[in-house]
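Asker: Below are the structure tokens for one structure; questions will follow.
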Amino acid sequence: MMKASVREKLKSGGRAFRAAFPCTIPVLTGYLFIGMAFGVMIEEKGYHFLWAMLMSLVCYAGSGQYLAVNFFTPGVSLIHVIFMEFMLNIRHIFYGLSLLERFAKMGKKRLYMIFSLTDETYSLFFVTKTPKDVDESQFLFAIALLDQSYWIIGSGIGAFLGSVLPFDATGIEFAMTALFLVIMTEQWMERRNRFGAVVGLGCGLVCLLLFGADNFILPTMLCILLILLPVGRASHWQGNAGEEMNEKKEQSEEVEHHAG
Amino acid sequence: MPVSTGRSLAIIAAVAGTIFFTRLLPFLFFPPGKEIPPAIRYLGRVLPPAVIGMLVIYCFQDVVITKSPFGLPELIAAAVVIALHVWKRNNLLSIGVGTVLYMFLIQNVF
């Protein structure tokens with residue numbers, strides 16, 4: 001016999017998953033596809049589907065795993081692996097900053113929330129609103145867990161299909177480019193911080209031309225900070241109530257748009 | 001497999017550890033209850049679109065525009081992804097059509 005409190009917990013957990021699932025459908029489609037593309041790439045290196053799924057389970061990063069495919073080559077040092085992954089994932093440091101308060105209330109789930117904070121899960125947290133009858137931490141946890149399960153399944157399917165249906169996969173890595181273009185377009189259409197997007201694109205392009213493909217990530221990050229910080233200071237960190245309200249209003253309009 | 005099983009596991013552990021560390025850093029610096037400075041709060045809000053912009057450039061870093069095919073497959077596929085997304089706003093459609101088109105272009109056209 002189950003205790004009433006356990007039963008209640010399971011019930012509210014189920015409610016959270018049912019509420020979270022429709023919100024995760026965009027990530028479901030995207031993750032199955034780019035997860036499959038990753039699976040095909042790692043399979044071509046000679047690693048079967050269980051390796052693909054293991055990586056998706058413990059690493060869980062789209063661009064990080066695409067990049068990691070290149071490391072399975074003789075002569076690549078672990079220091080190089082760590083440095084490249086750190087540079088690529090340095091953006092995650094800033095994702096966490098905007099979620100410090102929301103995660104602080106999440107107790108035992110907090111560590112998994114931090115582990116599973118991918119680009120897509122992060123952006124979902126900002127375009128979805130927790131329904132009134134659902135506990136927020138359960139809702140966010142459900143989104144994070146569903147997203148990772150799509151990713152693991154997608155990469156397994158990709159690696160499996162790649163091994164049984166041999167085909168020319170040249171160019172499949174464009175899935176990652178397309179994914180970032182979609183996220184950028186989505187942010188742009190929602191009118192949220194087009195300035196930030198322009199600064200990122202501009203600094204990236206200039207630093208790529210100046211420093212070359214292998215060394216431009218760090219200068220780009222510095223350049224972005226050097227532009228955004230003075231602008232933020234000049235606008236008093238945009239911390240006034242009026243602006244926060246505008247932002248909230250815009251967000252609720254977005255939610256309606258998605259629902260429609 | 002191009003490297004040994006042990007080596008492969010070591011690479012996966014290094015990748016997993018590094019990614020988790022970058023995600024954990026802000027939470028180490030600002031544990032629950034610690035006041036977050038307004039500058040940090042501001043960055044948390046404005047940096048993500050900037051970083052996505054940077055990542056788009058990162059994806060195009062190996063494109064060579066000075067010799068054939070002059071980055072045309074990337075340009076065409078990227079334009080299709082954006083146009084399709086503005087039009088239909090469907091992630092899978094935009095990513096799927098863009099990727100298949102790109103694969104077709106570099107395998108058969110350019």
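The values are calculated or read from the model by the stated rules, or taken from the named source; none is laboratory data. Quantities reported herein were computed from a predicted structural model and do not represent experimental measurements. Every residue, glycine among them, receives a Cβ derived from its backbone with ideal geometry; neighbour counts consider all protein chains shown. Ligands, DNA and RNA are excluded from the accessible area calculation, which covers all protein heavy atoms including side chains. Shrake-Rupley method; radii C 1.70, N 1.55, O 1.52, S 1.80 Å.
Asker: For segment A:30-56, which positions are at the interface with chain B (Cβ under 9 Å from one of its Cβ atoms) and open to solvent by 10 Å² or more (accessible area, probe 1.4 Å)?
Answerer: Of everything in segment A:30-56, those that are at the interface with chain B (Cβ under 9 Å from one of its Cβ atoms) and open to solvent by 10 Å² or more (accessible area, probe 1.4 Å) turn out to be A:32, A:33, A:45, A:46, A:51, A:54.
Asker: On the basis of being surrounded by fewer than 21 Cβ atoms within 10 Å (Cβ to Cβ), closer than 25 Å to residue A:59 by Cα and at the interface with chain A (Cβ under 8 Å from one of its Cβ atoms), does residue B:2 make the cut?
Answerer: For residue B:2, the condition - surrounded by fewer than 21 Cβ atoms within 10 Å (Cβ to Cβ), closer than 25 Å to residue A:59 by Cα and at the interface with chain A (Cβ under 8 Å from one of its Cβ atoms) - is met.
Asker: Another question, if that's okay. Is one or more of the residues making up segment A:125-144 in contact with a helix residue (DSSP H, G or I) (Cβ under 6 Å, 6 or more places away or on another chain), crowded, with 21+ Cβ neighbours inside 10 Å and within 17 Å of residue B:19 (Cα to Cα)?
Answerer: Yes, that holds for at least one residue.
Asker: Residue pairs, Cβ under 6 Å, 6 or more apart or interchain, first in segment A:69-80 and more than 9 Å from chain B (Cβ to nearest Cβ), second assigned to a helix (DSSP H, G or I). List them.
Answerer: As it stands, the answer is A:69/A:41; A:69/A:42, since those pairs meet every condition given.
Asker: Can I ask one more? Is it true that some residue in segment A:153-161 is open to solvent by less than 40 Å² (accessible area, probe 1.4 Å), more than 12 Å from chain B (Cβ to nearest Cβ) and farther than 24 Å from residue B:101 by Cα?
Answerer: no
Asker: Could you list all residues from segment B:66-89 that are open to solvent by 70 Å² or more (accessible area, probe 1.4 Å) and more than 19 Å from residue B:56 (Cα to Cα)?
Answerer: Result: B:66, B:67, B:68, B:87, B:88.
Asker: Could you grab the pairs with beta carbons closer than 7 Å, sequence gap of 6+ or different chains, first residue in segment B:15-26 and more than 7 Å from chain A (Cβ to nearest Cβ), second one open to solvent by 10 Å² or more (accessible area, probe 1.4 Å) and modelled with pLDDT of 95 or more?
Answerer: From segment B:15-26, no pairs qualify.
Asker: Just to check your reading of the model, which residue among A:172, A:143, A:183 is closer than 24 Å to residue B:51 by Cα, part of a loop (DSSP other than H, G, I, E, B) and touching a residue at least 60 places away in the same chain (Cβ under 8 Å)?
Answerer: Selected residue: A:172, the only one of A:172, A:143, A:183 that is closer than 24 Å to residue B:51 by Cα, part of a loop (DSSP other than H, G, I, E, B) and touching a residue at least 60 places away in the same chain (Cβ under 8 Å).
Asker: Can you name the condition, by its number, that residue B:32 falls short on among (1) at pLDDT 95 or above; (2) surrounded by fewer than 20 Cβ atoms within 10 Å (Cβ to Cβ)?
Answerer: Single failed check for residue B:32: (1).
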